[in-house]
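Shown next, in structure tokens, is the structure this report addresses.
The values are calculated or read from the model by the stated rules, or taken from the named source; none is laboratory data. Because the structure is a prediction, the values reported are computed rather than measured. As a convention, Cβ positions derive from the backbone with ideal geometry for all residues, glycine included, and neighbour counts pool all protein chains shown.
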């Protein structure tokens, strides 16, 4: 049991360091990293102190380990859904910006042609 605790704690600390590094390099925005930092912290706490996990599971009436995995899976599903919403919004914004750039480019080309003919 101690080996798995060390492994889980080590993995969560490793992920935490990677997340902080990605934030510093501006690869990952702070607003999107909060949920990962919270998840890594919870994973570390439950990995380092498994009695807390047992206590919390007892509060919610969960007495089977598989139920905890199902809850973790549902949590990851919610995260994936959240990021799908963000990706959809960004995709729509990107499409609108590309259309606007196309119209501006067309307008510039028309303006340049009218200047050439006017000279």
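Sort through 117, 41, 54 and tell me the only one that's in the same structural domain as residue 17 (by TED's automatic domain parsing), over 27 Å from the mean Cα position of the chain (by Cα) and free of Cβ contacts under 8 Å to residues at least 40 places away in the same chain.
54
Which residues, taken from the stretch 34-55, are out of contact with any helix residue (DSSP H, G or I) (no Cβ under 8 Å at 6 or more places or on another chain) and part of a helix (DSSP H, G or I)?
Of everything in the stretch 34-55, those that are out of contact with any helix residue (DSSP H, G or I) (no Cβ under 8 Å at 6 or more places or on another chain) and part of a helix (DSSP H, G or I) turn out to be 34, 38, 42, 51, 54, 55.
Do the conditions hold for residue 15, that is, is it touching a helix residue (DSSP H, G or I) at 6+ places or on another chain (Cβ under 6 Å), in the same structural domain as residue 3 (by TED's automatic domain parsing) and assigned to a loop (DSSP other than H, G, I, E, B)?
Here the answer is no, as residue 15 does not meet what is asked.
Against the definition (in the same structural domain as residue 17 (by TED's automatic domain parsing) and either surrounded by 10 or more Cβ atoms within 10 Å (Cβ to Cβ) or assigned to a helix (DSSP H, G or I) (or both)), how does residue 92 come out, yes or no?
no
Go through the residues of the stretch 89-111 one by one and say whether even a single one is under 25 Å from residue 20 (Cβ atoms), under 18 Å from the mean Cα position of the chain (by Cα) and at pLDDT 90 or above.
Yes.
Among the residues of the stretch 18-33, which ones are modelled with pLDDT under 90 and either closer than 23 Å to residue 54 by Cβ or in a helix (DSSP H, G or I) (or both)?
Within the stretch 18-33, 30, 31, 32, 33 qualify.
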